[in-house]
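The values are calculated or read from the model by the stated rules, or taken from the named source; none is laboratory data. Since we're looking at a predicted model, the values are computed, not measured. Neighbour counts are summed over all protein chains in view; Cβ atoms, including those assigned to glycine, are modelled from backbone coordinates with ideal geometry. All accessible areas refer to the heavy atoms of the entire protein, side chains included, with ligands and DNA or RNA removed. Shrake-Rupley method; radii C 1.70, N 1.55, O 1.52, S 1.80 Å.
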Amino acid sequence: QVQLVESGGGLVQPGGSLRLSCAASGSTFSIYAMGWYRQAPGKQRELVALITNGGGVNYADSVKGRFNISRTNAWNTVYLQMNSLKPEDTADYYCNANVLGTNFWGQGTQVTVSS
């Protein structure tokens, strides 16, 4: 079992920055990959960024060059640095951990980009 707790969401103006954090606990040694997903009202949840235990990263095309995912070596915390935010980035952001094919989710944190 892995428990995930997100933090760092909030209201920001277009062009601004936010950093989301995901604190992981439990069987973190079994994590293969962790990622950030988001879900806007009326839309499906989508992958934003992913990082594997080998350090490989993957980003949605819509956030490439603006967002950066990173983690501590022991998978204690995963970060999502979001720069040059746009109104279309507004969504609930969820942390995800993949452990031997099983997905664990955090409760989500809301990000609103608005002037």
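Tally up the carbon and sulfur contribution to the accessible surface of the chain as a whole percent, 1.4 Å probe, everything protein left in place. Let's see the in-between values first.
Values: 2750 of 5890 Å².
Carbon and sulfur together cover 47 percent of it.
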Checklist outcome for this item: Inter-part gap, Cα centre of segment 17-32 to Cα centre of segment 74-97, in whole angstrom, is 11
Next on the checklist: Please compute the per residue accessible area over the chain with all protein chains in place, 1.4 Å probe, rounded to a whole number of Å².
Outcome noted: 51
Checklist entry - In nanometres, what is the gap between the two model label sites at Ala74 and Gln107, each 7 Å from Cα along Cα-to-Cβ? => result 2.4
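For the chain, calculate the relative contact order in percent as a whole number, restricting contacts to Cα pairs under 8 Å that are 6 or more residues apart.
38
Rg over Rh of segment 61-115, using C-alpha atoms and the Kirkwood radius, what does it come to? Working shown, then result.
Values: Rg = 13.0 Å, Rh = 12.9 Å.
Computed over Cα atoms, the ratio is 1.01.
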Item to check | Where N is the number of residues in segment 41-91, Cα Rg divided by 2.2 N^0.38 Å | outcome: 1.23
Next on the checklist: Report the Cα-based extents of segment 1-49 along its three principal axes, largest first, to the nearest Å.
Outcome noted: 37, 22, 15
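Taking the Cβ of Tyr79 as the centre, find all other residues whose Cβ is under 11 Å away and add up their charges (Lys, Arg: +1; Asp, Glu: -1). Please list the in-between numbers first.
Working: positive: Arg19, Arg71; negative: Glu6.
With Lys, Arg at +1 and Asp, Glu at -1, the neighbours total +1.
Would you please name the trypsin sites (Lys or Arg not before Pro) within segment 21-113 that are DSSP coil residues with at most 16 other C-beta atoms within 10 Å of their C-beta?
Values: sites: Arg38, Lys43, Arg45, Lys64, Arg66, Arg71; in loops: Lys43, Arg45, Lys64, Arg66.
For trypsin sites (Lys or Arg not before Pro) across segment 21-113 that sit outside H, G, I, E and B with at most 16 neighbouring Cβ atoms in 10 Å, the list reads Lys43, Arg45, Lys64, Arg66.
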Item to check | Magnitude of the charge dipole, the chain, Cβ model with Lys/Arg +1 and Asp/Glu -1, debye to 20 | outcome: 120
